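Data block below; observations after.
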Amino acid sequence: MTSRYLLKVENLGHSYGAAQIFTRVSFSLAAGEVLQVTGRNGSGKTTLLRLLAGTKPRESGHVTWDEDATRAVLGHKNGIKAELSAIENLSLYAPDRRSCMEALELLGLERAHHKKPCYMLSAGQQRKTALARVMLAKANVWLLDEPFTALDARAHETVTELLARHAKNGGAAVVATHDRLDLDAFTLREMVMS
Amino acid sequence: MLRKFAAPKIFYPLAGKLMPWFFWTFAVLGAVGLYWGLMLAPVDAVQGQAYRIMYVHVPSAWMSMMIYTSMAVSAAAVLVWRTKVAEYWLLCSPGLGASFTFITLVTGSLWGKPMWGTYWVWDARLTSELVLLFIYFAILAMKGAIPDRRKAARVMAMITVVGFVNIPIIKFSVDWWTTLHQGDSIFRKGGPSIAPSMLVPLFMMALSFSSYYFWLVLKHIRTLIERSAA
Amino acid sequence: MTENGFTLRRYFFFCLRLLFRQRRDVALPLFFFLLVSSLFPLAFANHAVPLLAPAALWITLLLSVLLSLDNLFREDVEDGFMEQLMTARQPLGLLVAVKMLAHWIAYILPIFICLPLTGLWYAMPSDTLFVLALSLLLGTPTLLALGGLAAALAAGLKQGGTLLILVTLPLATPVLLFGLTMVDMSQNGLSYAAARDFLAAMAVVSVGVGPLVTAAALRIGMD
Amino acid sequence: MTGFPHGFWRMGGFWMYVWPSYALTIIVMGLNILAAYWPKNDDADGDDA
């Protein structure tokens, strides 16, 4: 596992009107590392992830990505088209139906739900579909904002395993969550947003 | 060098020093220009007294375009360098721009009545001015719809720049369409031939209005700086 | 990490499939166009003034296009899909271009297919109808570019729909006027080449630059 | 003050059209001065994140 960094952040800051949300956030993320971001609500966890992903314009500080690092993002919203079925949503990322179905089943979505339009799925099932999409995207860096919301215990466990395997395969992730991530010490780092 | 002045901390005292100058230029030139235009300038052979409306109509029309141009410049600064002062400049200019455009349209139509016999003719210049007013309204509506000031400035900058690129095309298409359907507007052909004695008060009024604009813009920006620093 | 399957071609068919699945909503602008296009000739009764008909058709199309654009980005912003577009490997400008093409096929093409019918309602001679259809065809890319930009800026806002129309209409004035000049010239037996070339030039610029500007507007709008 | 001009418009283009134009200009410009010096302070400068 080469230890070149996939993502480098130098004194990233963000303000909203006069309020300083956070300033001088710096860290670098090497392959095989998972950074857990915790902090009370409104401390800017979501803003930080959106600044990293580039879905929010940066005002100060630098975020440099390794040139062939690809990103997969999971925000508060699932980014799923309600009128399409789970498989159709994933078909955007996977060449064939079989790999879509495998990913969905791995996340615990029973085969019976694969073909129904997503508006018929529960919040937990839609979250699993979104997580399956993140997996299928085969990106180096995962940026997950509260990935465990609406997930049952078994799915919670599966996602943790997936994170560990992703890190072992040379991937990296930034995860904003309060749940305890039981990954091995080497992989897991923590940052608390004050 | 310009970037240095763009920092609010430096801009604030500078604006404070400039404001009185702009105010007095506006007040003095305005009074003299007004008196000269209203009282001293000779009666126009063709239009009698009505042409005196020119002393507010023409400077306002000129201001409506000058303000938009200044907005386009600050919009470029907002989009490219994210200059804070340029954002403030962009936030407080459309209100003034829309006001002058509105004045232009109403005084233009008041001038039209004695000249053409009707308050409104789809004449190229008046129509373009009307479209400009709608662009100002669009920018102001966007400003009102976005609470976060920095984002509002960026959205307004985007519309301003796209609008700026389109204004010549709008002007051209309106010219073409209105001349295609030529009304009987004397105004269109040449308008009143402006005798030199009338030109001087006209430029005075234009300079006065410009100083008025800079005076108020600087005042607005200082208020915005005070409020964001608080 | 191997390449993932997200390609422009796949995204294009994804958009078409989604639009087909939403066909009841997609048809609304078309119904609006047909409804208003029937009201005008009814209002003219049977003395359809030649110039008024193209003007009425043009303005109806303009409003129908703007109506359809309201949903162009709003849905992607609200369901979080926009984040995937912004983090995809392909440049956002290209993705926006692909989405606009799908939008054109789903919303604008059906309107063109119905043009002969509305031409009938206006009792419009076929040669004028042809020139009108050509002017509409050349005008829609510019309308999509301008409207797309406004839709991107207004995507996240509450009253985005109205803002979209308020911003786009003044900027779209030249498209309307050039289109009507084309028809007017052809009705008077003059050559409409000049106006047509203007519309074509604006269409080319819109197709080329429009998506890039709209992508920048999206990044600002998504703040 | 120049008297009513003979001819062109009996009422004189002066009263009917010039005064309203000047009045409107002064009113609109005055309102903008008020807006600058006594701004309504409800336009929040960006609430929380």
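The values are calculated or read from the model by the stated rules, or taken from the named source; none is laboratory data. Quick caveat: nothing in here was measured; it's all calculated off a predicted structure. Note that each Cβ is placed from the backbone with ideal geometry, even for glycine, and that neighbours are counted across all protein chains shown.
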Which numbered condition B:Ser109 fails, given (1) more than 12 Å from chain D (Cβ to nearest Cβ); (2) buried (at least 18 other Cβ atoms within 10 Å of the Cβ); (3) among the polar types (S, T, N, Q): (1)
Test result for A:Asn78, assigned to a loop (DSSP other than H, G, I, E, B) and of a type in the set (S, T, N, Q): yes
Members of segment A:42-58 that are of a type outside the set (S, T, N, Q) and within 12 Å of chain D (Cβ to nearest Cβ): A:Gly42, A:Gly44, A:Lys45, A:Leu48, A:Arg50, A:Leu51, A:Lys56
Matching entry among B:Ile169, B:Ile139, B:Ile135 (being over 24 Å from A:Ser60 (Cβ atoms) and in contact with a Gly (Cβ under 7 Å, 6 or more places away or on another chain)): B:Ile135
Matching option when the condition is in contact with a helix residue (DSSP H, G or I) (Cβ under 7 Å, 6 or more places away or on another chain), of a type outside the set (Ser, Thr, Tyr) and within 10 Å of chain C (Cβ to nearest Cβ), among B:Met142, B:Met115: B:Met142
Hey, A:Val134 part of a helix (DSSP H, G or I) and either surrounded by 15 or more Cβ atoms within 10 Å (Cβ to Cβ) or under 17 Å from the mean Cα position of the chain (by Cα) (or both) or not: yes
Of all residues making up segment B:145-155, the number that are more than 9 Å from chain C (Cβ to nearest Cβ) and either buried (at least 24 other Cβ atoms within 10 Å of the Cβ) or closer than 19 Å to B:Leu132 by Cβ (or both): 1
Residue list for segment A:15-41, filter: under 19 Å from the mean Cα position of the chain (by Cα), of a type in the set (Gly, Ala, Ser) and within 14 Å of chain D (Cβ to nearest Cβ): A:Gly39
Any hit, segment A:150-162, residues being touching a residue at least 60 places away in the same chain (Cβ under 8 Å) and assigned by TED's automatic domain parsing to the domain that holds A:Gly42: no
Only listed residue being surrounded by fewer than 17 Cβ atoms within 10 Å (Cβ to Cβ) and at the interface with another protein chain (Cβ under 10 Å from one of its Cβ atoms), chosen from C:Ala154, C:Ala194: C:Ala194
Test: residue in segment B:37-60 that is at pLDDT 85 or above and more than 12 Å from chain D (Cβ to nearest Cβ): no
Per-region count, segment A:113-122, residues at pLDDT 90 or above and part of a helix (DSSP H, G or I): 3
Which listed residue is away from chain A (no Cβ under 14 Å), surrounded by fewer than 22 Cβ atoms within 10 Å (Cβ to Cβ) and among the hydroxyl-bearing types (Ser, Thr, Tyr), from C:Ser126, C:Ser68: C:Ser126
Of the criteria (1) away from every other protein chain (no Cβ under 12 Å); (2) farther than 21 Å from C:Leu85 by Cα, which one C:Pro170 fails: (1)
Helices (runs of 4 or more DSSP H) wholly inside segment C:1-119 containing at least 2 residues that are among the polar types (S, T, N, Q) and touching a residue at least 60 places away in the same chain (Cβ under 8 Å): C:28-44
